[in-house]
Amino acid sequence: MPRRLIDIEPKVEFLSILNEHAEVDQTLAPELDGDVLTRMFTWMLTTRRLDERLINMQRQGRIGTYGPTRGQEAVSVGSAFALRPDDWTAQAFRETGLMLARGWALETPMFFWGGFEEGNAVPDSVNDLPISVPVASQTLHGVGIAWAMKLKGKDTVCITYTGDGGTSEGDFHEAMNFAGVYQLPVIFMVQNNQFAISCPRSKQTRSATLAQKALAYGFDGIQVDGNDILAVYVATREAVDKARQGGGPTLIEAVTYRLSVHTTADDPTKYRSADEVKAWEKRDPLIRFRKYVKDRGVLDDQTIQGIEDDIQQKIKAAVERYESYNDADPLDCFRYIFAELPPELQQQKEEFAAAVKEEGLDRHPPR
Amino acid sequence: MPRRLIDIEPKVEFLSILNEHAEVDQTLAPELDGDVLTRMFTWMLTTRRLDERLINMQRQGRIGTYGPTRGQEAVSVGSAFALRPDDWTAQAFRETGLMLARGWALETPMFFWGGFEEGNAVPDSVNDLPISVPVASQTLHGVGIAWAMKLKGKDTVCITYTGDGGTSEGDFHEAMNFAGVYQLPVIFMVQNNQFAISCPRSKQTRSATLAQKALAYGFDGIQVDGNDILAVYVATREAVDKARQGGGPTLIEAVTYRLSVHTTADDPTKYRSADEVKAWEKRDPLIRFRKYVKDRGVLDDQTIQGIEDDIQQKIKAAVERYESYNDADPLDCFRYIFAELPPELQQQKEEFAAAVKEEGLDRHPPR
Amino acid sequence: MPSVTMVKALNMALAEALREDDNVVLLGEDIGQDGGVFRVTEGLLKEFGANRVIDTPVAESAIVGAAVGMAVYGLRPVCEMQFSGFAYQAFHQVEGHVARYRNRTRGRYTIPMVIRMPYGGGIRAIEHHSESREAIYAHTPGLKVVIPSTPRNARALLRSAILDPDPVIFYEPKASYRAIREEVPEEPETMPIGKARVVQEGTDVTLVCYGSMLRPTVEAAEDLADQDGVSAEVIDLLSIAPMDSDTILASIRKTGRLVVVHEGPRRCGVGAEVAARVAERAIEYLEAPIRRITCHDVLFPYFVRERAFLPQSDRIAAGARDVLAF
Amino acid sequence: MPSVTMVKALNMALAEALREDDNVVLLGEDIGQDGGVFRVTEGLLKEFGANRVIDTPVAESAIVGAAVGMAVYGLRPVCEMQFSGFAYQAFHQVEGHVARYRNRTRGRYTIPMVIRMPYGGGIRAIEHHSESREAIYAHTPGLKVVIPSTPRNARALLRSAILDPDPVIFYEPKASYRAIREEVPEEPETMPIGKARVVQEGTDVTLVCYGSMLRPTVEAAEDLADQDGVSAEVIDLLSIAPMDSDTILASIRKTGRLVVVHEGPRRCGVGAEVAARVAERAIEYLEAPIRRITCHDVLFPYFVRERAFLPQSDRIAAGARDVLAF
Ligand SMILES: Cc1ncc(C[n+]2csc(CCOP(=O)(O)OP(=O)(O)O)c2C)c(N)n1
Ligand SMILES: Cc1ncc(C[n+]2csc(CCOP(=O)(O)OP(=O)(O)O)c2C)c(N)n1
Ligand SMILES: [Mg+2]
Ligand SMILES: [Mg+2]
């Protein structure tokens, strides 16, 4: 047959379990015990509350420009729960929920957005990369980590995160391609929050879904409701299990929405309507998951209030740790550049030390 | 339906018209009159003969390293015939057939591989970019040209060429994505010649076809038998017509084979078997097209011999023009760098001129 | 004469170019609907439409690479890289094609393109948003590299860059975007690319700077005058490729002393080039070692530590005192 | 002691590293089955297998970016860029991550990585295959940049680079790949990164060079001795970041005259840096203007014109005569 359709493999799926009315598809819902559901809920709520606090801190000038995560908590928390502690992650910059659920300190994001390298303090026991600012560049690091795991014969996996905008970068393509060629235990989580700053998803790429981009690399893609933590969890879990067993990579498109500004320097009224935002606020992942855990009798208003209080306590303590930190020695830039400082940098360090001392900047308070 | 397959659009096709036994599918064969078929054949044969000559010239040290095109003539000649003169092209480095069919001088490839900038002498009447060496980088230039055409309201198109290896580069991805987003009149011709130097197609990417990569960008992809000039012509023509009418981009994967070395510096016995090459030699695009034009009564052995003689004459004349060219002034590097030479470069030019004169290199014969 | 910030001045130059020449098109991330993350392109989409002011996906190589095609075709693209720290994604297109097309085709195809990008520290930004790496472009043959320092010269130089028949990297000191206002004429003006500006004449020491370092350098010159009675000559390079050797050398022949100031790293930076030119062509006039006041050859720190890291007027004045004391 | 080419010496160093440390892996285009387009990795796939010597698709950013992940995880990747002219495709990974990870994470994650790439002209290659742009890496904080010049130091320095806990750009002079043979010891050896080598002592003029310029520079020194009775000191930098100022300055204090030689463009090149260091710290010893013998700030020509373009011993000797005549 000289002119024929090519049958494209694999197929691309869509998955939703807990919809915006908090209706749940029982056949698809994962079996998670009350403790896990409580922790999921707690981390989502913590992420939300920390986000609110960080916005306030930015307004008060206590940190710099900040990139909120409001509305996207289900993606980063849900996927975090599908991982083992010995798995690795390579985040972009809107995965605060992941960091928290993986065990990062609550004050670490304050340090990051506050202008401290201390904001990349990966806890000792945690295998995560810090925030990566150049869009999509970290997808390649995730590939490299997964590759190293495979070469070393481990059964661990690595998950990388990027945004809808990130899928347009060459690095995303090269990462996906290497992952396919070497069948690496890597999961590409694309947080499709509908915008790359002002660029709407529809103008980012012409493909109907981001999930189908996996077809270009010969591996599985799945689109999930990213405001549905159960769907995110299930899809990630399946991808992780498959990767762990040598089944190779998966692309997960999590369809969500950035309810807040791109960063605190951004004015979204320039590029989207209040109505659109309102419509998405109804699909808030936290509202439906709160209802779900209540409906299932896992939590009630009182226990939730207890969790709220506990979170506020913890955030308060984190803010105090952040604000009382005073060790911002300008000479640090010479301390971590190389394992051993070469003579010419030793000399620059001395020159610099003398200058900042002379200028009274050596005891420059961090804020 | 909360878990379902996503229907992927558009579809990807495969096309073959004139198979390796020179059997033709009459329903699909384009209606081309004898004159066109003769010219197609002539350019294919010219490309083959010039290729043979260039390999000889390399062996004799009359040019430098050379990248042959043997076996891939149907792709570049066939696609050239689907274009109008006012269309543009952005080639990689294995499209000699395209250059010739578009009107480039026969000696120009000699200059290019002989180490002269004169090897980029685009004829005045021709809208082609010169050879582009950084793999896949030219796909973006093709996109930019198509974009300019669209912005200017032209009905012209641009075709870009790259190899199977080129599809792995970030630039290919970014070019495809922009083409889709802006619905540009651009055709991506991928010469899948099964190798990127030593890397076989199967290790270049995991996707079953290269054509299906178009799905990642929401536009049409088609795989054609790249050793079948009729299929190449038809697929390109359809893509060109669609683009001209505002229908946007197309990816064409032309499945072919590099019958010769990657370049004359390459030793393919390191990475492929003689048997494999032999099998592909049977699928030589020239053998089947020669049979086709003979079967159709367009040419006979005698007319073909006449064409051969004429080609040899023309190549001989081209070699003479190349060999008699003696104008390789080393100062040229200062002549074309900017429209106007800034003072500091004027000064460097004088310094350089004095040095080469002193060293006796100002009259350095080119070869 | 309206008094404007550099952001506004750049906006004016872009609007003027778009108005005068249909072949001018702008491309970049968030430059249309959003008006640019620094608002340099504010209002331009509305006035000129989406075919002239083009919002792109997040893909720097595509922006520059597509602009190469546009330029070859005959347009005059003006690309914006959102931050200089993300222009490396496009560097292979810049080095491989933008800088080469005229030479490669012996003038048949040319690249009348401008690539604008904000650079430098001082705005309390996150990683990759504070670096200065102008020397990388200055080291790349085939490019011109222009760095304005005030609203008026920013507007005039951007106009010159857009009118230039060859590619220009237009490196914008983002710390100066809104730091000062300056009067600009009603009518568009140009400035020659490759000419430095003697900001302040002096006889004792030459301070060479550009971009956002102009302000602290002028302050240092004032301090030196006030506190030491020293007469410093301040040169604002404005273009680092080509670089105006004549103005620098004339000054050194007068003062015999050189301090070069920049934000970029020291090793193989613009300061090295200035020093080398003086050591080649005016060594006999030098009365003291030259001095480079620059960021050090380490990574630009996150912002709580940047104030100490960036050269300030104190450090520049101290450098001048050193060479004066020799 | 076997006598080997630089290609073989590099091959030995790679084999030794692969043999000694399971964490060493090689990645690159055509480095496995094909043995590398210059045959530097010949035989390694066979000895060490496809998990250690990895053929990749054509994607430079992926090679370097994946190697970042590998390095963070604990491997010691050695990447090959097929030509330095195609390393720009990965430059954002180099600048953005390779150079930064240790500093970013305050030592929690480190990048013990080597990126090898052949550079330079003289092999009659097509466009993009002849350039030298080492200064771009030297200008990037967080990198070491090593440039060997002979088989023996190539082997020793590559070993040091692989053992180094931080990222090293290993810039290989391809014109020297097979130009000479040199005896190398049976046992692997290292050389300290950051130390220059005085190739030939002298008292009248200092010639600073590196990489493939070593040969013409030594020839020039011989010419100067033979024809002019001039005693030239030849310094081979071996590493341009860090750069061994002490050796350069000690020489200038002795000779009072400096000629710097390199293939890369002049503006903001390594020659500028050497000149600036001398002008900062040994100006009082300089008896003549310094001189840079380099490629000019124009594009590297296609190969029929390259012989005149590349600095040769004549041009270097002429430069030395100029500064000696001052
Ligand atoms: C390579 C690169 N280009 C540009 C930027 C500036 N920038 C920061 S975030 C962003 C948009 C990213 O969009 P997306 O990937 O959808 O992530 P989101 O911000 O929506 O989470 C851009 C363009 C950058 N950080 N890196
Ligand atoms: C960016 C870049 N990387 C590497 C090279 C070296 N190189 C030249 S051709 C080639 C293989 C290209 O393969 P493919 O795209 O399939 O084209 P083909 O040679 O088969 O025509 C490589 C790796 C290059 N020219 N450009
Ligand atoms: Mg987004
Ligand atoms: Mg190929």
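The values are calculated or read from the model by the stated rules, or taken from the named source; none is laboratory data. Fair warning: this is a prediction, and the values are worked out from it, not measured in the lab. We place every Cβ from the backbone using ideal geometry, glycine too, and count neighbours over all the protein chains shown.
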Only unsatisfied item for B:LYS150, checking (1) within 19 Å of C:LEU27 (Cα to Cα); (2) crowded, with 24+ Cβ neighbours inside 10 Å; (3) more than 16 Å from ligand 1 (Cβ to nearest atom), is (2)
Residues in region C:192-205 that are within 22 Å of C:LEU157 (Cβ to Cβ) and in a strand (DSSP E or B) total 4
Given (1) under 17 Å from A:GLN204 (Cβ atoms); (2) out of contact with any Phe, Trp or Tyr (no Cβ under 7 Å at 6 or more places or on another chain), C:ALA13 misses just (1)
Checked region B:175-194 for anything within 14 Å of chain A (Cβ to nearest Cβ), within 12 Å of B:GLY142 (Cα to Cα) and outside any strand (DSSP E or B); matches are B:ALA175, B:MET176, B:PHE178, B:ALA179, B:LEU184
Looking across region A:106-126 at residues that are more than 9 Å from chain D (Cβ to nearest Cβ) and part of a loop (DSSP other than H, G, I, E, B), the single one that is nearest to A:ARG321 (Cα to Cα) is A:GLU107
Residue hits (region B:326-353; facing chain D (nearest Cβ under 9 Å) and assigned to a helix (DSSP H, G or I)) are B:PRO330, B:LEU331, B:ASP332, B:CYS333, B:PHE334, B:GLU344, B:LEU345, B:GLN348, B:LYS349, B:GLU351, B:PHE352
Note on region B:142-174: residues within 14 Å of ligand 2 (Cβ to nearest atom) and away from chain A (no Cβ under 14 Å) are B:THR160, B:TYR161, B:GLY163
Per the filter on region A:162-207, residues under 30 Å from C:THR41 (Cα atoms) and among the hydrophobic types (A, V, I, L, M, F, W, C) are A:PHE172, A:VAL190, A:PHE195, A:ALA196, A:ILE197, A:CYS199
Heads up, the strands (runs of 3 or more DSSP E) in region C:216-326 (entirely inside) with at least 1 residues that are within 14 Å of chain A (Cβ to nearest Cβ) are C:258-265, C:291-295
Any residue in region A:128-136 that is of a type in the set (A, V, I, L, M, F, W, C), at the interface with another protein chain (Cβ under 10 Å from one of its Cβ atoms), buried (at least 24 other Cβ atoms within 10 Å of the Cβ) and within 16 Å of ligand 3 (Cβ to nearest atom)? yes
Filter region A:159-175 for residues that are farther than 23 Å from A:ASN127 by Cα and of a type in the set (Ser, Thr, Tyr); the one that is surrounded by the fewest Cβ atoms within 10 Å (Cβ to Cβ) is A:SER168
Inside region B:3-31, the number of residues satisfying the requirement of being outside any strand (DSSP E or B) and buried (at least 19 other Cβ atoms within 10 Å of the Cβ) is 3
Counting only residues in region D:34-53 that are within 15 Å of ligand 2 (Cβ to nearest atom) and surrounded by fewer than 24 Cβ atoms within 10 Å (Cβ to Cβ), the one nearest to the chain's Cα centre (by Cα) is identified as D:PHE38
Residues in region C:36-55 that are under 21 Å from C:MET6 (Cβ atoms), within 11 Å of another protein chain (Cβ to nearest Cβ) and part of a loop (DSSP other than H, G, I, E, B) total 5
If we take region A:214-296, then helices (runs of 4 or more DSSP H) inside it with 3 or more residues that are within 14 Å of chain B (Cβ to nearest Cβ) and either modelled with pLDDT of 95 or more or within 16 Å of ligand 4 (Cβ to nearest atom) (or both) are A:229-244
Filtering region C:227-247 for residues that are buried (at least 23 other Cβ atoms within 10 Å of the Cβ), farther than 9 Å from C:VAL198 by Cα and hydrophobic (A, V, I, L, M, F, W, C) leaves a count of 5
The residue that is farthest from the other protein chains (Cβ to nearest Cβ), considering only those in region B:195-213 that are touching a strand residue (DSSP E or B) at 6+ places or on another chain (Cβ under 8 Å), closer than 16 Å to A:ALA216 by Cβ and assigned to a loop (DSSP other than H, G, I, E, B), is B:LEU210
Flagged in region D:56-75 as of a type in the set (A, V, I, L, M, F, W, C), within 12 Å of ligand 2 (Cβ to nearest atom) and in a loop (DSSP other than H, G, I, E, B), in numbering order, are D:VAL58, D:ALA59
